[in-house]
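Beneath this line is the structure, given in C-alpha cells, with notes to follow.
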Amino acid sequence: MSALLNAHEARVLGVLVEKAFTTPDQYPLSLNALTNGCNQKSNRAPVTDYSEAEVTVALTGLRHKHLAGASLGAGSRVERWRHNAQEGLKVGERALAVLAELLLRGPQAPGELRTRCNRMRSVPSQEDLAQVLAELEGLGLVERIPGGRADRWGQTLCPESGPAAGEGSGAEEAAPSGGASGSAAAGTAPSAAPTAAPPAPGLEERVARLERQLAQLAEQLGATLGE
C-alpha cells in the first residue's frame, strides 16, 4: 500500500480527484478554490474549516508522496494544483472515484457508495461496484467493515478518518431519550440548566496542529535529503 495520509492530506486529495471529475473546466485548482472545496458543506463528512495555510501544508505532504503537483497556467501567475493519484496509486478512473468518495465522506454501505460515486464516474450496478471494491481491496486501499445492518467499506490511506457524519454511536443517541423517560417516570422536572456545548477548536489548538504537521513535514524532507 502507498504511504499513509493524515486527515488534511486525505481531504485535499479527495477534493482534487472530485473536482477533476466534476468541474474539469475549473481544474487544476487554485489554493483558494481548493480550500473552499475542502470546507464545502455538501458531500463532506465531517465538514471542516481548514485555513489556506493548513491546505498548503497538506499539499506539500501530498507532493512529497507523489500524489499531487503544482503548475502555472498559460498567462497566469496563480499556482494551480492537480492530483497524481491515478498514476501514484495505479488505479482506473472508476476505482479512483470510489476511493475519493470514501476519502471525502468516510465509510459507507455499498448502496449509498454507488449512488454517490455516480456523480464522478458511472458505476452501473452493484456487481460493477463489487468488482471495483475487490480491485481496491487487492491493492490494500480499502477494507470491509462488518457490523450493523450491512457491511460498510472504508479507505485505508488515512487511519485518522472516522465514520461518516451522522453515524454516531448508539450510546450517544440513547442517552438523551433515556434521561428524559427516566425523569418522566419519576415525575420530576428536567434540570433547568442546559448542558454547555463543547467549545469550538481555538486558535491555540490550530497553531499546535500546524506545528505538528510542519515538524512531520520537516522530518520527511530531512529523510529525503539524506537519501
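The values are calculated or read from the model by the stated rules, or taken from the named source; none is laboratory data. In this text, all values refer to a predicted model and were calculated from it rather than measured experimentally. Methodologically, a virtual Cβ is constructed for each residue, glycine included, from the backbone with ideal geometry; neighbour enumeration extends over all protein chains shown.
Of note:
Quick grid of which residues meet (1) of a type in the set (Lys, Arg); (2) over 16 Å from the mean Cα position of the chain (by Cα):
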{"residue": "HIS8", "(1), (2)": "no, no"}
{"residue": "VAL15", "(1), (2)": "no, no"}
{"residue": "PHE21", "(1), (2)": "no, yes"}
{"residue": "ALA53", "(1), (2)": "no, yes"}
{"residue": "LYS65", "(1), (2)": "yes, yes"}
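- Which listed residue, of GLU93, GLU79, GLU87, GLU54, is among the charged types (D, E, K, R), more than 25 Å from GLU135 (Cβ to Cβ) and out of contact with any strand residue (DSSP E or B) (no Cβ under 9 Å at 6 or more places or on another chain): GLU54
- Within the range 45-55, the set of residues being touching a Cys at 6+ places or on another chain (Cβ under 8 Å) and not hydrophobic (A, V, I, L, M, F, W, C) comprises THR48, TYR50.
- Tabulated pairs, the range 122-149, first farther than 14 Å from ALA95 by Cα, second at pLDDT below 95, C-beta under 7 angstrom, 6+ apart or interchain: ARG144/ASP151; ILE145/ASP151
- Single match in LEU102, LEU31, LEU72 (criterion: of a type in the set (A, V, I, L, M) and within 15 Å of the chain's Cα centre (by Cα)): LEU102
- Close pairs (7 angstrom Cβ cut-off, 6 or more residues apart or separate chains): farther than 13 Å from VAL123 by Cβ and charged (D, E, K, R) in the range 93-112, in a loop (DSSP other than H, G, I, E, B) and modelled with pLDDT under 95 anywhere: ARG105/ALA164
- Any hit, the range 27-49, residues being crowded, with 17+ Cβ neighbours inside 10 Å and basic (Lys, Arg): yes
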